[in-house]
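Take a look at the structure set out below.
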Amino acid sequence: MLDLNILPTPVEYILYGCLFLGVAKATILVLSFGSLLFDLLLLPKASYKKYGSANNCWALVTGSSDGLGAEYARQLAAKGFNIVLASRTLSKLETIAEEIESKYKVSTKVVAVDVTKVDEAVTQIAAGIEGLDVSVLINNVGQSHSIPVPFAETELSEITNIININNVFTLRITQLLIPILAGTASKYKAHSLILTMGSFGGLLPTPYLATYSGSKAFLQNWSASLAAELKADKIDVEFVLSYLVTSAMSKIRRTSWMIPNPKSFVASALNSVGKRVGAQERFATTTPFWSHALMHFGIDQTVGVYSTIANSLNFDMHKSIRVRALKKAERARKEQ
Ligand SMILES: NC(=O)c1ccc[n+]([C@@H]2O[C@H](COP(=O)([O-])OP(=O)(O)OC[C@H]3O[C@@H](n4cnc5c(N)ncnc54)[C@H](OP(=O)(O)O)[C@@H]3O)[C@@H](O)[C@H]2O)c1
């Protein structure tokens, strides 16, 4: 005869269920954090032989006369790639090209283009890379708002430039490069790489940088979709998430543990291809710099990137940046 007294009561069933879910959630959190540490500290750096660094292959870096782009160009040259540099200012491109050629003994090509003029820029770059075995595309060029601004007051020219540079041009140049990257991978029985710069501005909905935030969020889904599509062509596709880095765009000059310089950031990004580091929840995405990785992981595992609390903290931060930027502009106007 079954003794009904030893069966759990409904309340006990609920408590056991909660305990099981709690243990499962805690286990996932510990495993996920372990995976972050494993990516950050133990997994070997990405090898660029896989991408043809030993085969005289070329890397095209957009927005490469300054900031992160110039650093991607230098560090890929240090790995043995020939480099195509593209951005607006010919003199800056030539200076970096000379530095790279003499320091790393590789070849360079410069293409001076304004990527807001999308058709013209794509045609010029197509001519510039004709006949080259390009195996790496770094979609680095990007523009943000000049200062945080309510969307309703954002100038149309700023909105158009952000979308044209960050999205339309990036898609068009990638479409141009896909058959070339696939051809190079097949020729050398190797892989090619497309790496696209994302931003915490797109990871988190960012009030007062709404257009920039939307443009980078768009790139996240586009890039991850592309990663699946291009796998068969042996083209690895990676989206790189970054919090602030010192540069002309961020207008920050002093580094800190949260804000690296382009050299440290790009080294972490190139070493982390194929690893998720702080982007444990995301496919074909990396948050490579250690403090950004911990921040991304912390937000994901606590309030979440789409939470009211994250949104309101982000809004307060950008309201305060706007107030300071307007005061600075006013001081500059009075000094004139
Ligand atoms: N810095 C950060 O804190 C940060 C954080 C997250 C993500 N990111 C992303 O990282 C990428 C690089 O940012 P960064 O901080 O290195 O920017 P940056 O220092 O302002 O450099 C931008 C580069 O793009 C070129 N460029 C700008 N407008 C162009 C145009 N219309 N046509 C052609 N080239 C153009 C610039 O050269 P010319 O002026 O000579 O054209 C320069 O080489 C961007 O996609 C950005 O969204 C940056």
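Quickly run through segment 74-87 and pick out the residues that are among the hydrophobic types (A, V, I, L, M, F, W, C) and either surrounded by fewer than 24 Cβ atoms within 10 Å (Cβ to Cβ) or at pLDDT below 95 (or both).
Residue satisfying the conditions is ALA78 alone.
Listed here are the residues, each with its yes/no results for (1) among the small types (Gly, Ala, Ser); (2) more than 25 Å from VAL237 (Cβ to Cβ); (3) out of contact with any Phe, Trp or Tyr (no Cβ under 7 Å at 6 or more places or on another chain).
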position	(1), (2), (3)
GLU71	no, no, yes
LEU76	no, no, yes
LEU90	no, yes, yes
ILE96	no, yes, yes
GLU99	no, yes, yes
VAL111	no, no, yes
VAL118	no, no, no
PHE151	no, yes, yes
THR160	no, yes, yes
Go through segment 226-252 and report how many residues are within 16 Å of the ligand (Cβ to nearest atom) and out of contact with any helix residue (DSSP H, G or I) (no Cβ under 9 Å at 6 or more places or on another chain). 1
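Which residue out of ILE321, ILE309 is under 24 Å from PRO207 (Cβ atoms), open to solvent by 50 Å² or more (accessible area, probe 1.4 Å) and more than 14 Å from the ligand (Cβ to nearest atom)?
On the way: ILE321 fails: more than 14 Å from the ligand (Cβ to nearest atom).
Within the list ILE321, ILE309, the selection yields ILE309.
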Can you find, within segment 229-269, the residue that is most open to solvent (accessible area, probe 1.4 Å) among those that are under 17 Å from ARG282 (Cβ atoms) and not in a helix (DSSP H, G or I)? TYR243
Pairs under 6 Å by beta carbon, first residue closer than 13 Å to PHE239 by Cβ and modelled with pLDDT of 95 or more in segment 191-207, partner of a type in the set (Lys, Arg) and within 12 Å of the ligand (Cβ to nearest atom), six or more apart or different chains? GLY198/LYS216; SER199/LYS216; GLY202/LYS216
Would segment 131-152 turn up any residue that is more than 21 Å from the chain's Cα centre (by Cα), in contact (Cβ under 8 Å) with a residue 40 or more places away in the chain and over 27 Å from ILE259 (Cβ atoms)? yes
For LYS334, are the conditions met, namely being open to solvent by 60 Å² or more (accessible area, probe 1.4 Å), free of Cβ contacts under 8 Å to residues at least 40 places away in the same chain and out of contact with any Leu (no Cβ under 9 Å at 6 or more places or on another chain)? yes
Restricting to segment 41-73, name every residue that is surrounded by fewer than 20 Cβ atoms within 10 Å (Cβ to Cβ) and within 13 Å of the ligand (Cβ to nearest atom). ASP66
Some residue of segment 194-204 being surrounded by fewer than 21 Cβ atoms within 10 Å (Cβ to Cβ) and either part of a helix (DSSP H, G or I) or β-branched (Val, Ile, Thr) (or both): yes
How many residues are within 15 Å of the ligand (Cβ to nearest atom), assigned to a loop (DSSP other than H, G, I, E, B) and in contact (Cβ under 8 Å) with a residue 60 or more places away in the chain when one looks only at segment 273-300? 1
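The values are calculated or read from the model by the stated rules, or taken from the named source; none is laboratory data. These figures come from a predicted structure and were not determined experimentally. So basically every Cβ, Gly included, is an ideal-geometry build from the backbone, and we count neighbours across all protein chains shown. SASA here: full protein model, heavy atoms, side chains in, ligands and nucleic acids out. Shrake-Rupley method; radii C 1.70, N 1.55, O 1.52, S 1.80 Å.
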